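Here's the structure, in structure tokens; my notes come after.
The values are calculated or read from the model by the stated rules, or taken from the named source; none is laboratory data. This one's a predicted model, so the numbers in the text were calculated from it and none came from an experiment. Cβ: placed from backbone, ideal geometry, glycine included. Neighbour counts: every protein chain shown.
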Amino acid sequence: MNINEAKIKVAALKSKIDQWAKEYYIHDMPSVDDTEYDLAMKQLKDLEQQFPKLVTSDSPTQKVGGTVSDKFEKYVHKKPMLSLADIFSWEEFEKFNKQVAKETGTVDNEYYAELKIDGLSVSLNYEKGILQNAVTRGDGKVGENVTTNVKTIKSIPLSITDKSTIEIRGEIFLSKKEFTKLNDERILKGEQLFANPRNAAAGTLRQLDSSIVAKRNLDAFLYYYLNDKDSQTNTQAKALAKIDSLGVKTNKEGRLCKTLEEVKAYIEEYTLKRSQLDYEIDGIVFKINNFNLHEQIGYTAKTPKWAVAYKFPAEVKETKLLDIFPTV
Ligand code: NAD
């Protein structure tokens with residue numbers, strides 16, 4: 001393929017992805033499934049890697065997907081809320097680990113494995129022990145202040161015992177059970193159905209009427225702890241224990257993986273267990289456990305380089321992608 005052919009394909013991919021992102025992030029109503037979206041994104045990334053001249057700052061590969069609605073007050077995140085780089089195979093994990101090894105000087109890195117909850121991220125800011133605000137990721141830099149709605153979620157405490165300035169981030173989601181209940185009610189009322197629990201959770205959290213939010217039983221798992229004054233909490237394992245000790249809910253399926261064999265075993269185990277969980281997951285997140293290495297390994301504009309999202313291979317719909325580009 002020459003650069004002119006690539007340019008046409010890149011433009012077509014960008015336009016498709018931008019349209020799908022609008023449906024997903026703004027209207028909470030996707031017209032394609034995530035696998036199709038991920039495949040288009042992967043193809044765009046591959047083309048941009050092959051032809052770096054075609055990379056532009058407005059490319060979906062360069063920015064955190066999401067927008068900030070005017071319905072809510074805007075909030076500037078203290079630290080950007082980033083996305084995660086996706087991988088789809090064990091070979092890609094090994095490649096990621098080798099890249100990490102260049103920075104850390106060893107291939108024997110400790111990873112903390114967590115389920116990738118299919119919901120939407122939230123940032124909780126506690127001051128003097130009180131939940132001051134709760135904010136969506138938005139475009140990564142600026143989010144929507146959805147505090148009133150988040151206060152209706154039972155698993156998020158309005159106050160914690162620690163009085164320091166603490167930010168805790170995690171994922172708000174709707175369980176499979178609550179999702180089925182919600183859609184059943186909508187069938188009876190003749191209302192449009194939600195496509196999946198993730199979109200139902202996102203649509204619910206961005207409701208203007210918090211009494212509707214309260215009825216829908218959103219839930220949350222928190223996984224990120226930021227407290228500038230706390231130097232003791234210096235690993236992801238300790239951060240999760242700390243969040244737990246504050247009475248904030250964490251997911252208990254996570255595990256420290258000390259070897260690549262343990263990483264592989266975790267992937268195999270949860271690929272099988274996925275369907276038995278009462279909430280949707282779309283993959284597994286592997287994070288370098290030692291926080292001291294995070295700054296050393298660094299970030300791109302869109303993702304940390306010290307973590308990766310292993311997406312389940314499941315229903316990879318090659319044919320759909322071919323439909324988009326019959327000539328590929
Ligand atoms: P992402 O969902 O791929 O990954 C980053 C996010 O993962 C974080 O922001 C966080 O919210 C979440 N997460 C869940 N569990 C986590 C954990 N334990 N640790 C850290 N983070 C965790 O991020 P994205 O940039 O929003 O990616 C887009 C995703 O949305 C893709 O999966 C894509 O398929 C989907 N999408 C689908 C459509 C569509 O039309 N179907 C459109 C846009 C995006």
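Residues that are assigned to a strand (DSSP E or B) and not polar (S, T, N, Q) occur at least once in segment 260-282. Cβ-Cβ distances below 6 Å connect the following pairs, each with a first residue in segment 223-241 that is under 13 Å from Gly254 (Cα atoms), a second residue that is within 13 Å of the ligand (Cβ to nearest atom) and small (Gly, Ala, Ser), and a separation of six or more residues or different chains: Tyr223/Gly170. Here Ile117, Ile160, Ile87, Ile156 are screened, and the one residue that is more than 14 Å from the ligand (Cβ to nearest atom) and in contact with a Phe, Trp or Tyr (Cβ under 6 Å, 6 or more places away or on another chain) is Ile160.
Is there a residue being surrounded by fewer than 23 Cβ atoms within 10 Å (Cβ to Cβ), in a loop (DSSP other than H, G, I, E, B) and at pLDDT 95 or above anywhere in segment 98-113? Yes, there is a match, as at least one residue in segment 98-113 is surrounded by fewer than 23 Cβ atoms within 10 Å (Cβ to Cβ), in a loop (DSSP other than H, G, I, E, B) and at pLDDT 95 or above. Selection of segment 33-67 for residues being among the β-branched types (Val, Ile, Thr) and either buried (at least 19 other Cβ atoms within 10 Å of the Cβ) or touching a Ser or Thr at 6+ places or on another chain (Cβ under 7 Å) (or both) yields Thr35, Thr61, Val64.
Just one residue in the set Asp34, Asp18, Asp28 is touching a residue at least 12 places away in the same chain (Cβ under 8 Å) and within 30 Å of Glu269 (Cα to Cα); that residue is Asp34.
Within segment 159-179, residues that are under 16 Å from Gly247 (Cα atoms) have Cβ atoms under 7 Å from residues that are surrounded by fewer than 22 Cβ atoms within 10 Å (Cβ to Cβ) and of a type in the set (Phe, Trp, Tyr) in these pairs: Ile168/Tyr224; Arg169/Tyr224; Gly170/Tyr224, counting only partners at least 6 apart in sequence or on another chain.
In segment 16-25 there is at least one residue that is more than 20 Å from the chain's Cα centre (by Cα) and modelled with pLDDT of 95 or more.
Say we look at segment 68-78 and pick out the residues that are within 28 Å of Tyr225 (Cβ to Cβ) and more than 13 Å from the ligand (Cβ to nearest atom); which of these is surrounded by the fewest Cβ atoms within 10 Å (Cβ to Cβ)?
Step one: filter segment 68-78 for residues within 28 Å of Tyr225 (Cβ to Cβ), giving 68-69, 72-78.
Those left that are additionally more than 13 Å from the ligand (Cβ to nearest atom): 68-69, 72-76, 78.
Working: Val68: 21, Ser69: 13, Phe72: 20, Glu73: 13, Lys74: 13, Tyr75: 20, Val76: 10, Lys78: 12.
Selected residue: Val76.
Any residue that is β-branched (Val, Ile, Thr), at pLDDT 95 or above, part of a strand (DSSP E or B) and out of contact with any Cys (no Cβ under 8 Å at 6 or more places or on another chain) - is there at least one of those in segment 57-78? The answer is yes, given that some residue of segment 57-78 is β-branched (Val, Ile, Thr), at pLDDT 95 or above, part of a strand (DSSP E or B) and out of contact with any Cys (no Cβ under 8 Å at 6 or more places or on another chain).
Checking each residue in segment 156-180 for being assigned to a helix (DSSP H, G or I) and either surrounded by 14 or more Cβ atoms within 10 Å (Cβ to Cβ) or touching a Pro at 6+ places or on another chain (Cβ under 7 Å) (or both) picks out Lys176, Glu178, Phe179. Restricting Ala241, Ala237, Ala195 to residues that are within 17 Å of Ile288 (Cα to Cα), out of contact with any Leu (no Cβ under 8 Å at 6 or more places or on another chain) and either modelled with pLDDT under 95 or of a type outside the set (Lys, Arg) (or both) narrows the list to Ala241.
The number of residues in segment 137-155 being in a strand (DSSP E or B) and more than 18 Å from Val213 (Cα to Cα) comes to 2.
Note on segment 12-33: residues that are charged (D, E, K, R), closer than 26 Å to Lys71 by Cα and within 9 Å of the ligand (Cβ to nearest atom) total 2.
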